[in-house]
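Only one structure is covered here, and it is reproduced in the block below.
Readers should treat all values here as calculations from the given coordinates under stated rules, not as data from a laboratory. Keep in mind the model is a prediction, meaning the values are calculated, not measured. Methodologically, a virtual Cβ is constructed for each residue, glycine included, from the backbone with ideal geometry; neighbour enumeration extends over all protein chains shown.
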Amino acid sequence: MEPAQQSKGRAWVQSYAQSSQYVGAGIQLAVSIFLCLLGGNWLDQQWGTSPLLLILGVFVGGGVGFYNLLKILTSADRRKREEAKACGKG
């Protein structure tokens, strides 16, 4: 393999690895909303409070998922700034 192809391949792998954490964060957001929705629906069926706990579950899941998403994004931004500072770009 030529050096240009190797560096291009490495760049692709690096960008894929960096984007995977964002994809994972989006999936975690969706899963937290879905699980809390299911939990709220189940509790509504058990207690006969439909649709109160289902709606509450969606909001709780959204809040938890958004908090986790924000935490992942801020840590990624912090890590990127530290790398730029270490390279002398910041």
One checks the Cα atoms of the stretch 20-84 and finds Rg and Dmax, in Å, of 15.6, 55
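Just need the relative contact order of the chain here, percent rounded to a whole number, with Cα pairs under 8 Å and 6+ apart. It would help to have the intermediate numbers written out before the result.
On the way: 67 pairs, mean separation 24.5, N = 90.
Relative contact order of the chain: 27 percent.
Could you give the dipole magnitude of the chain about its Cα centre, charging the beta-carbon of Lys and Arg +1 and that of Asp and Glu -1, in debye to the nearest 20?
Working: 9 positive and 5 negative charges, 104 e Å.
That gives a dipole near 500 debye.
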Dipole of the stretch 20-84 (Lys/Arg Cβ +1, Asp/Glu Cβ -1, origin at the Cα centre): which of Ser75, Gly57, Gly40 lies farthest to the positive side?
Ser75
In degrees rounded to 10, the 0-90 angle between helix 52-87 Cα long axis and the longest Cα principal axis of the chain is 10
For the Cα atoms of the chain, what angle does the longest principal axis make with the long axis of helix 3-47, in degrees from 0 to 90, nearest 10?
10
